[in-house]
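Notes for the one structure printed next.
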């Protein structure tokens, strides 16, 4: 498959152009023109690049790419090492941030709901990135946290009343603790995200709405994996997900 054709499909399928994001979405580093083998991962780290080189990959597809807004744009140190490795092996880097959080089928939040058995009933937050729904198998926030631990292989941090009864939950993968107030305003009885900040603790305690931090990496492993499976089925590409361990 031609790299340009792959780029067009990903951009269109994920509706990349409609998002105001903190980074460029799509092709971030241009490699060889023909793409047959893709390594998928959460973050374009040096370890993932090394895995792609070892696998003889033509491209890397991730959720967390490079060139974030506000970063120092100089190419030195870690940035030089990463970029040098990609260019030396003519490997393309594709990255989709908010588009891969929000997609109704392949996105991180949709895939997290699928894995957890949650029912999607609506959206909230900026650009409809956050999801609203119900967790049929969990009657309380404590039970929800236990199920997350079992499914994600990681003990989440629950702040607030573990006995809070659940009718409606809100969730947004990754570092979406800043949308906790919007989740509360949307009528959620609990909010699940990846990370937690100092002020989040006080908001959970004072609002009475439990906050569950289930891990940034842990909650964002499933979108890019589903996207790779989509490319395999649609175009016959070889896509392999590599999970670089991350405790956060």
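The values are calculated or read from the model by the stated rules, or taken from the named source; none is laboratory data. Just so it is clear, the model here is predicted, and its values are computed rather than measured. Here Cβ is always computed from backbone atoms with ideal geometry, including for glycine, and neighbour counts include all displayed protein chains.
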Suppose we filter 241, 235 for residues that are at pLDDT 95 or above, over 26 Å from residue 120 (Cα atoms) and surrounded by 14 or more Cβ atoms within 10 Å (Cβ to Cβ); which single one remains? 235
Only one of 86, 100 that is touching a residue at least 24 places away in the same chain (Cβ under 8 Å), in a helix (DSSP H, G or I) and under 12 Å from residue 44 (Cα atoms): 86
Which numbered condition in (1) closer than 30 Å to residue 18 by Cβ; (2) free of Cβ contacts under 8 Å to residues at least 40 places away in the same chain; (3) surrounded by fewer than 21 Cβ atoms within 10 Å (Cβ to Cβ) is the only one that residue 126 fails? (2)
Answer with yes or no whether residue 181 is at pLDDT below 95 and over 30 Å from residue 35 (Cα atoms). no
So in the stretch 129-139, with the set limited to residues that are in contact (Cβ under 8 Å) with a residue 24 or more places away in the chain and more than 22 Å from residue 181 (Cβ to Cβ), which one is farthest from the chain's Cα centre (by Cα)? 139
Selected residue (only one of 142, 133 is part of a helix (DSSP H, G or I), in contact with a strand residue (DSSP E or B) (Cβ under 8 Å, 6 or more places away or on another chain) and surrounded by fewer than 21 Cβ atoms within 10 Å (Cβ to Cβ)): 142
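Results for (1) outside the structural domain of residue 156 (by TED's automatic domain parsing); (2) in a helix (DSSP H, G or I); (3) within 11 Å of the chain's Cα centre (by Cα), shown as yes or no for each residue.
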| site | (1), (2), (3) |
| --- | --- |
| 181 | no, yes, no |
| 205 | no, yes, no |
| 233 | yes, yes, no |
| 244 | yes, no, no |
State whether one or more residues within the stretch 68-76 are under 14 Å from the mean Cα position of the chain (by Cα) and either assigned to a loop (DSSP other than H, G, I, E, B) or modelled with pLDDT under 95 (or both). no
Any idea which residue in the stretch 1-42 is nearest to residue 226 (Cα to Cα), counting only those that are outside any loop (DSSP other than H, G, I, E, B) and out of contact with any strand residue (DSSP E or B) (no Cβ under 8 Å at 6 or more places or on another chain)? 13
